[in-house]
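Comments concern the structure below.
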Amino acid sequence: IVFIRLGIAGTSKSRKKRILSVVLVKIPLQNHKFPYILHKIPYFTFRGRLISFLDRASKGGRLCLGVAVSVFLSTFENKVDRKGRVSVPSSFRNVLSQQKSTGIILYPSFKHPCLEGSGDERIQEIASSIDAIDVFSDEAENLQTILADAKQMSVDSDGRVILPPEFISHAGIAEVASFVGLGKSFQIWSPETFAKHREKNRLRARQQGATLRIVPSSSERT
């Protein structure tokens, strides 16, 4: 369900913009048809025009509802310069902006030769989860290395971050870095190493099969 607010130019001499009230839209993404329900629209003059527009746009597949995707998706390869500067994919920066993150958090993965990355929200979840474990247990100490090794990286005006030399060495990154979206987090790999890792995962999935129980997001549950 998507809520849309449209600014409509007023007809008064002041030409102040009026806000058309909430439009409720249900989106079955598989066929890109958009049945809709209009709710509490005060400016009835525009109601018929709005319905006509939504109908034409949805049939033509050109309707852009501005649905914000707040997870890290897809894989991108960006060049790394001699100073270790690399551009963070724009879609990743958009996610960080939606999360109101002050930058990105990076730390070396203790499972793979790559870097683990996230925004402030995810690292807070990790810290809270570690706190829930017995503080004196080996498991807690092992996981606390995530927080000890993590660095908060600021994104400059050109959308770049500077990878520390020890991070570059850990991931075996040379001239190009692969940013791999994992939903609430992401990873940074050497492209060659990630290609082998991805192929191994795909082969294992084909051999063992994979099932996933879809859990409703927090917004859907509320």
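The values are calculated or read from the model by the stated rules, or taken from the named source; none is laboratory data. What you see is a predicted model; the values in this text were computed from it and never measured. When we count neighbours, we look across all protein chains shown, and the Cβ atoms used for this are built from the backbone with ideal geometry, even at glycine. Please note that ligands, DNA and RNA were not included when accessible areas were found on the heavy atoms of the full protein model with its side chains. Shrake-Rupley method; radii C 1.70, N 1.55, O 1.52, S 1.80 Å.
With protein chains left intact and a 1.4 Å probe, residues in the range 73-196 average 56 Å² of accessible area per residue. Take the solvent-accessible surface of the protein heavy atoms, probe 1.4 Å, and return the percent of it on the range 86-125 that carbon and sulfur atoms account for. Exposed carbon and sulfur together represent 48 percent of the surface. Taking a ≥ b ≥ c as the square roots of the eigenvalues of the Cα gyration tensor, the range 80-222 is rounded, since a/c falls below 1.5. Of all aspartates and glutamates in the structure, those lying under 17 Å Cα to Cα from K200, and not within fewer than 8 positions of it along the same chain, are E192. Let a ≥ b ≥ c be the square roots of the eigenvalues of the Cα gyration tensor of the range 118-192; is it rounded (a/c under 1.5), or, if not, prolate (a/b larger than b/c) or oblate? Prolate shape, in that a/c is at least 1.5 and a/b is the bigger ratio. Near the amide H of V80, within less than 5 Å, lie the amide hydrogens of V176, A177, all on another chain or at least 5 residues away, with H placed in the peptide plane. Accessible surface for S128 stands near 60 Å², nearest 10, in the context of the full protein assembly shown (1.4 Å probe). Note on D131: accessible area approximately 130 square angstrom, rounded to 10, probe 1.4 Å, nucleic acids and ligands left out. The phi torsions of the range 120-130, fed into the Karplus equation with coefficients 6.51, -1.76 and 1.60 and a -60° offset, translate into couplings of 4, 4, 5, 5, 5, 4, 5, 4, 5, 5, 5 Hz, rounded to whole numbers, with Gly and Pro shown as x. Note on T211: accessible area approximately 140 square angstrom, rounded to 10, probe 1.4 Å, nucleic acids and ligands left out.
Taking a ≥ b ≥ c as the square roots of the Cα gyration tensor eigenvalues, with a/c under 1.5 meaning rounded and otherwise prolate when a/b beats b/c, else oblate, which class fits the range 83-126? In terms of gyration-tensor shape, oblate. Distance between the 7 Å Cα→Cβ label points at Q144 and Q99: 2.4 nm. Suppose R0 equals 30 Å; then what is the FRET efficiency for Q207 and F110 from their Cβ-Cβ distance, rounded to the nearest 0.05? For R0 = 30 Å, the calculated efficiency reads 0.70.
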